[in-house]
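Take a look at the structure below.
The values are calculated or read from the model by the stated rules, or taken from the named source; none is laboratory data. These numbers were taken from a predicted model, which means no experiment stands behind them. Every residue, glycine as well, gets a Cβ built from its backbone with ideal geometry; the counts of neighbours run over all protein chains shown.
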Amino acid sequence: MRSHVTCTINGDEVEFLVDDRQTLLDALRDELQLTGTKEGCATGDCGACSVLIDGRLNCSCLVFAREVEGADVLTVEGLADADHLHPIQHAFLEGAALQCGICTPGLLVAAKALLDRNLKPTEEEVRYAIAGNLCRCTGYDKVVRSILDAAAEMRDSAVVS
Amino acid sequence: MTADVTPYKWVGTRSIRPDGLEKVTGRARFGADYHLPGMLVGVVLRSPHAHATIRSIDTSAALEVPGVKAVITRDDFPEITSEEAMSGESVVDYRDLSRNIMARDKVLYIGHPVAAIAATTRRAAEEGARAIAVDYEVHPHVLTVDEAMAPDAPILHHDLITNDPEAETRGPSNVGKRHFFDRGNVRAAFDESDVVIEREFKIRPVHQGYIEPHAVVADTDEDGRSVVWCSSQGHFLVRTLTATVLKWEPSRLKVVPAEIGGGFGGKTTIYLEPLAIILSARAGRPVKLVMSRQEVFQASGPNPGARVRVTIGANSDGTIIGAEAWMAFEAGAFPGSAVGAACQTVFAPYDIPNVGIEGLDVVLNTPKAAAYRAPGAPIAAFAVETVLDEVAEALSLDPIELRYRNAAEEGVASTYGPTFKRIGFKETLEAIRSHAHHAAPLKANQGRGVASGFWFNAGLDSTATVNIHEDGTASLLIGSPDIGGSRASMALMAAEELGIDQERIRPSIVDTDSVGFNDVTGGSRTTFATGMAVVEACRDVVATARQRAATLWAVDVEEVEWQGGRAQHLSGSKPPLTLTEIARSAAKTGGPIAATAALTARGVGVAFSTQICDVEVDPETGHVKILRYTIAQDAGRAIHPSYVEGQMQGGVAQGIGWALNEEYVYDETGRMENSSFLDYRMPVASDLPMIDTVIVEVPNPGHPYGVRGVGEVGIVPTTAAIANAIYDATGIRMRELPMSAVRVHSAIERRSDDGTRTPVG
Amino acid sequence: MARVHLSGELRQLAEGATVIEVDATSVVQLIDRLEDRFPDMKGRLREGIAVAIDGEVMANADYLPLGPESEVHFLPAISGG
């Protein structure tokens, strides 16, 4: 069985046909060529495929594509505005928070999910917020610091604006 | 320890990595991210048996499945004779490699490939795989070194004869190789020692755990050439290995490096590439193969498990006078574990006159082991560094002081033979001893441990090309995959040499047709060796730029020097010329400015790390929490300190996983029971503290910027530092990895049963 | 004369000698002369072996020159991660 799905991805209305058993991850990567979202395990254990669905953090490998009918999906490709990066992306670059970079899209999305609801997280809150995202390169040290830096930066600019 | 003032403008700064933008926006393309028109999807059919003879394979039904375009088996691969097996300069046995990629007469582990299918959809390919009929004759299997070395053990390879004098008469066995080193008289040394401690250790296999599964796309054309897109630690190695097992000329292959999503040694070999190439040839269309996570665990290289025995004898003043090690490594289905490296590194940090080392490479019915960060050394260090902790305790010596008194330094003959040049081991010990962490207070159930480690750096071959564009910017064409920020270190060294801003340099990792040969990104060699090629090529460019300035000024080139990134006339009478100005007029002064350096990197150093760790052990559950961790490591010179720290932190984090959680668990049939990230539990962010780093800089005199390789040694001491901390917290010596809550808890229980401090393991 | 240091299994093949002086100007020549002197060594220094010359371990050292005072060690070749 195939389904016709209409949803919003990274701000654009998108229509596509999917097999009923196809995951959102496979639909993003194989049907829509949005390969920024990565597959590390396909069992919901590594977080490399993290996306926001209506603002909530999900492993896209655990969601059927047809389930996002009418939903608002954000992937790593939608984090930056046309001409400037999201503060979290900036902080990851400044803080050398990536080595190989395969987990980075998922970590950025998970960090956004945290900072969207809590702009003043503690180190421990950051660690638990990204505990579903495996990174094998960094030991998380610079990732956690960068998310804390991004939070501070976003707090500062929120005060200004 | 990091020098506050350097003569450099760029080297040692924390610039933004050149590939950063692509990697935070999702644009970077990794192995599985390539889509070609008409591309087919492949799957691999794998053995359900740990040890069996393949009587027959019938693929006829699979070819009838709608959408299936090609099916390949052992019949599609050439036989590699034993004469051809060791051809070339590599340590790889090509016959074994070929048989690991596609089983021939026998399957040797669950997950061993027996066929591959390409179809228009994944579902069709999977249906095709189910339609293949394989007739197996199942044999008994062996899963541990003890089983494999038992007198009546089933033999995996009937042509495997151990390389020792008596083996000829004993016939085939599961011991592939016996390594044996000695110096002085270790038995006599033990007789003279005031303290002799002998202990045994057990280490389970662990996986490198890269987040990106192995992935490849191959497009083979009608002329028998193939373009291969894949992620690896070395696309030239992929070309060499693939061409050899296919018996192709290497030039028939163009390997395009995808971004690599972690490797840690596990992507210094091949699994899928020859299958994708042959499937593509049979189908006449591009084919993509991507491993599932379960396949990664079951069929790509774990780090070997091992049994280890270590004995150390010391005098009451703390001088180690004898050391002995026996190590048996689980090579997996084919010989070639890192036991030889373990033998060379086991006592390498120390100056010991009498040494005896024996290492056995044992085959068994598990996936063929692959390299993992400082291959072999962490296993050896777990044993040695915990025994040293006991020696220190027996002699009432501070464990850092014991190490310091015996530390190798310049001029000492290493335990593996050659004499050390300038090394920074003592400096790492001093860095930890003087660190605030070393004196911080501890509470109940908390403990502190230290340990040190050694690993080699590799030099090997690198080529790099520098092209200067007409706007004065530079492209670096590099053939070493960037696995952890090496583009940044290349750009910084090039900026320093060329005198232009790092942002004006674009390093690209290019395919096997677009730059000269490069050995793998491995052996901690890339910033050292490929960096050396970049520096040499830049110096060649500068020589050309001086010549062009001389032409513009109508003076002799000897009157032009390069200073501060600009051509200066010795007289000072002419306004200096920047590279940008020289580049702009290049067409008129002799044409394009470019240079290539191709070299075997000489002057390679070695690496040391010392680490200190605080743990808290929950006496109710045995759970070990890492409270604080500090690593000191000699980097020679940190070109980009953030990525040096990153390597140190990453090594420690992998060591923590190995120490506390990670292991392969096999059921009695030889099936891995925990082949998912849920059950194979790698550290997550909430498991770890910040990992503090001290970059020690004892410059390597063999490199223009003093670089030592930093990628690997950070993992070497970690399991022992944690074991020593657990002892400090609980009085229990753990001699089996991982030191999981279950094992620590049962050790605590055993002790409370008999009321003594019982060593376990 | 280059000084070749032998340990473990290689020493057994060299009738127990720990240090041998060999008149050779390259590694490949040195291996030839060792094999002439100790026939049991034949082939053992040509496969899966790294050579350390004056403290530096190298994988493909066959044609590297040896100095008159060079210290040479033969080690099993290893691979990094």
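When we screen B:ILE695, B:ILE726 for residues that are closer than 20 Å to B:THR386 by Cα and either away from chain A (no Cβ under 14 Å) or hydrophobic (A, V, I, L, M, F, W, C) (or both), the only hit is B:ILE726.
When B:GLY711, B:GLY702 are screened for being within 14 Å of chain A (Cβ to nearest Cβ) and buried (at least 21 other Cβ atoms within 10 Å of the Cβ), only B:GLY711 passes. For region C:13-48, the tally of residues that are in contact with a strand residue (DSSP E or B) (Cβ under 8 Å, 6 or more places away or on another chain) and either small (Gly, Ala, Ser) or surrounded by 17 or more Cβ atoms within 10 Å (Cβ to Cβ) (or both) stands at 10. B:SER686 meets all of the listed conditions (1) part of a helix (DSSP H, G or I); (2) surrounded by 22 or more Cβ atoms within 10 Å (Cβ to Cβ); (3) free of Cβ contacts under 8 Å to residues at least 40 places away in the same chain but one, namely (2). Among the residues of region A:80-126, the one identified as of a type in the set (Gly, Ala, Ser) and modelled with pLDDT under 95 is A:ALA82. The set of residues from region B:23-55 being surrounded by fewer than 15 Cβ atoms within 10 Å (Cβ to Cβ) and more than 8 Å from every other protein chain (Cβ to nearest Cβ) comprises B:PRO37, B:GLY38, B:THR53, B:ARG55.
Listed here are the residues, each with its yes/no results for (1) touching a strand residue (DSSP E or B) at 6+ places or on another chain (Cβ under 6 Å); (2) in contact (Cβ under 8 Å) with a residue 12 or more places away in the chain; (3) within 30 Å of A:ALA129 (Cβ to Cβ); (4) in a helix (DSSP H, G or I).
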site	(1), (2), (3), (4)
B:SER676	no, yes, yes, no
B:ASP692	yes, yes, yes, no
B:GLY706	no, yes, no, no
B:GLY714	yes, yes, yes, yes
B:ALA721	yes, yes, yes, yes
B:TYR727	no, yes, no, yes
B:ILE732	no, yes, no, no
B:MET739	no, yes, yes, no
B:ARG750	no, no, no, yes
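Note on region A:15-74: residues that are outside any helix (DSSP H, G or I) and within 13 Å of another protein chain (Cβ to nearest Cβ) amount to 28. Here is a check on your reading of the model: is C:GLY48 in contact with a Phe, Trp or Tyr (Cβ under 7 Å, 6 or more places away or on another chain), over 11 Å from C:VAL4 (Cβ atoms), within 7 Å of chain B (Cβ to nearest Cβ) and of a type in the set (Gly, Ala, Ser)? Considered against the rule, which asks whether it is in contact with a Phe, Trp or Tyr (Cβ under 7 Å, 6 or more places away or on another chain), over 11 Å from C:VAL4 (Cβ atoms), within 7 Å of chain B (Cβ to nearest Cβ) and of a type in the set (Gly, Ala, Ser), C:GLY48 comes out as no.
Entry remark, region B:1-22: residues being hydroxyl-bearing (Ser, Thr, Tyr) and away from every other protein chain (no Cβ under 14 Å) number 3 in total. Candidates are the residues of region C:1-10 that are in contact with a His (Cβ under 9 Å, 6 or more places away or on another chain) and either modelled with pLDDT of 90 or more or not hydrophobic (A, V, I, L, M, F, W, C) (or both); the one that is surrounded by the fewest Cβ atoms within 10 Å (Cβ to Cβ) is C:GLU9.
Scanning region A:1-19 for residues that are over 18 Å from the mean Cα position of the chain (by Cα) and of a type outside the set (Gly, Ala, Ser) yields A:MET1, A:ARG2, A:HIS4, A:VAL5, A:THR6, A:GLU13, A:VAL14, A:GLU15, A:PHE16, A:LEU17, A:VAL18, A:ASP19. When A:GLY47 is tested against the conditions (1) over 26 Å from B:GLY38 (Cβ atoms); (2) modelled with pLDDT under 95, the lone failure is (2). Of all the residues in region B:352-384, those that are charged (D, E, K, R), out of contact with any strand residue (DSSP E or B) (no Cβ under 7 Å at 6 or more places or on another chain) and farther than 26 Å from B:VAL520 by Cα number 0.
Scan region A:132-157 residue by residue and report those that are at the interface with another protein chain (Cβ under 10 Å from one of its Cβ atoms), closer than 22 Å to B:ASP692 by Cβ and buried (at least 24 other Cβ atoms within 10 Å of the Cβ).
A:CYS135, A:ARG136, A:CYS137, A:THR138, A:GLY139, A:TYR140, A:ASP141, A:LYS142, A:VAL143, A:VAL144, A:ILE147
Scanning region A:121-157 for residues that are touching a residue at least 12 places away in the same chain (Cβ under 8 Å), among the hydroxyl-bearing types (Ser, Thr, Tyr) and either in a helix (DSSP H, G or I) or in contact with a Lys or Arg (Cβ under 9 Å, 6 or more places away or on another chain) (or both) yields A:TYR140, A:SER146, A:SER157.
Output the number of the condition that B:GLU410 fails; it satisfies all remaining conditions of (1) in contact (Cβ under 8 Å) with a residue 40 or more places away in the chain; (2) over 30 Å from B:LYS588 (Cα atoms); (3) surrounded by fewer than 20 Cβ atoms within 10 Å (Cβ to Cβ). The failed condition is (1).
Of the listed requirements (1) farther than 26 Å from A:ALA27 by Cβ; (2) free of Cβ contacts under 8 Å to residues at least 40 places away in the same chain; (3) in a helix (DSSP H, G or I); (4) within 18 Å of the chain's Cα centre (by Cα), A:LEU108 misses just one: (1).
Scan the strands (runs of 3 or more DSSP E) fully inside region B:528-622 and keep the ones with 3 or more residues being crowded, with 17+ Cβ neighbours inside 10 Å.
Once the strands (runs of 3 or more DSSP E) in region B:528-622 are filtered for at least 3 residues that are crowded, with 17+ Cβ neighbours inside 10 Å, what remains is B:566-569, B:593-600, B:606-617.
Could you count how many residues in region B:198-215 are hydrophobic (A, V, I, L, M, F, W, C) and within 14 Å of another protein chain (Cβ to nearest Cβ)?
3
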